[in-house]
1. So which residues in the range 70-98 are open to solvent by less than 50 Å² (accessible area, probe 1.4 Å) and either under 26 Å from residue 6 (Cα atoms) or among the acidic types (Asp, Glu) (or both), if there are any at all?
2. If residue 6 satisfies every condition in (1) assigned to a loop (DSSP other than H, G, I, E, B); (2) farther than 12 Å from residue 159 by Cα; (3) open to solvent by 70 Å² or more (accessible area, probe 1.4 Å); (4) touching a residue at least 12 places away in the same chain (Cβ under 8 Å) but one, which is the exception?
3. Could you look through the range 34-74, keep only residues that are hydroxyl-bearing (Ser, Thr, Tyr), under 25 Å from residue 19 (Cα atoms) and assigned to a loop (DSSP other than H, G, I, E, B), and pick out the one that is nearest to the chain's Cα centre (by Cα)?
4. Of the residues in the range 117-153, how many are within 26 Å of residue 78 (Cβ to Cβ), open to solvent by less than 40 Å² (accessible area, probe 1.4 Å) and either modelled with pLDDT under 95 or part of a helix (DSSP H, G or I) (or both)?
5. Could you tell me which of the residues 114, 156 is among the charged types (D, E, K, R), open to solvent by 50 Å² or more (accessible area, probe 1.4 Å) and within 19 Å of the chain's Cα centre (by Cα)?
Amino acid sequence: MSSDSQNDLEIIAVRKTYGDFEAVKGISFKVIKGEYCCLLGPSGCGKTSLLRMIAGHEEITDGDIFIGSKRLNSLTPAERRTSMMFQNYALFPHLSVIDNISFSLKIKGETSQKRHREAMKFLEMVQMSGFENRYPDQLSGGQKQRVALARALITKPKVLL
């Protein structure tokens, strides 16, 4: 791989099969740091499978996935430095906005004060200051999406899926 940036994402001949069904058929592409890439296609064409393989939630049948010069194929999701936003937001209904955003920092063992201070920076970034004590069922769809984005970004991923 010949990338100048440690944050470029490169997919090389990636395939995914489920038994006899080939969900992803040898796709290759590169996304340069700072670029925005959309996967478009009909339902069942492999978009989600590909994203899940990049994130490490799905095993690759064939091919390689790189971020910079680092091959991701055998790395755990936590080792990949990716973050995934789910279509349904995947917010915890029993946690406040600030606790949803800072959840990954709690898992890492950060103090409540430190994780809430960091979460407030991301709340401001997504223009949701003042909503930190609300719960997901008290938010509009767009507000939930911004909370999910802040939660994905707080981990400082190299690649946001």
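The values are calculated or read from the model by the stated rules, or taken from the named source; none is laboratory data. Quick caveat, the model's predicted, so the values are computed rather than measured. Here Cβ is always computed from backbone atoms with ideal geometry, including for glycine, and neighbour counts include all displayed protein chains. Quick note on the areas: whole protein, heavy atoms, side chains included, nothing else; ligands and nucleic acids left out. Shrake-Rupley method; radii C 1.70, N 1.55, O 1.52, S 1.80 Å.
1. 72, 73, 75, 80, 82, 83, 84
2. It is condition (2) that residue 6 fails.
3. 74
4. Matching residues across the range 117-153 total 9.
5. 156
Let's see how each residue does on (1) surrounded by 15 or more Cβ atoms within 10 Å (Cβ to Cβ); (2) touching a Leu at 6+ places or on another chain (Cβ under 8 Å); (3) touching a residue at least 12 places away in the same chain (Cβ under 8 Å):
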{"site": "10", "(1), (2), (3)": "yes, no, yes"}
{"site": "16", "(1), (2), (3)": "yes, yes, yes"}
{"site": "20", "(1), (2), (3)": "no, no, no"}
{"site": "23", "(1), (2), (3)": "yes, no, yes"}
{"site": "28", "(1), (2), (3)": "no, no, yes"}
{"site": "32", "(1), (2), (3)": "no, no, yes"}
{"site": "36", "(1), (2), (3)": "no, no, no"}
{"site": "50", "(1), (2), (3)": "yes, yes, yes"}
{"site": "56", "(1), (2), (3)": "yes, yes, yes"}
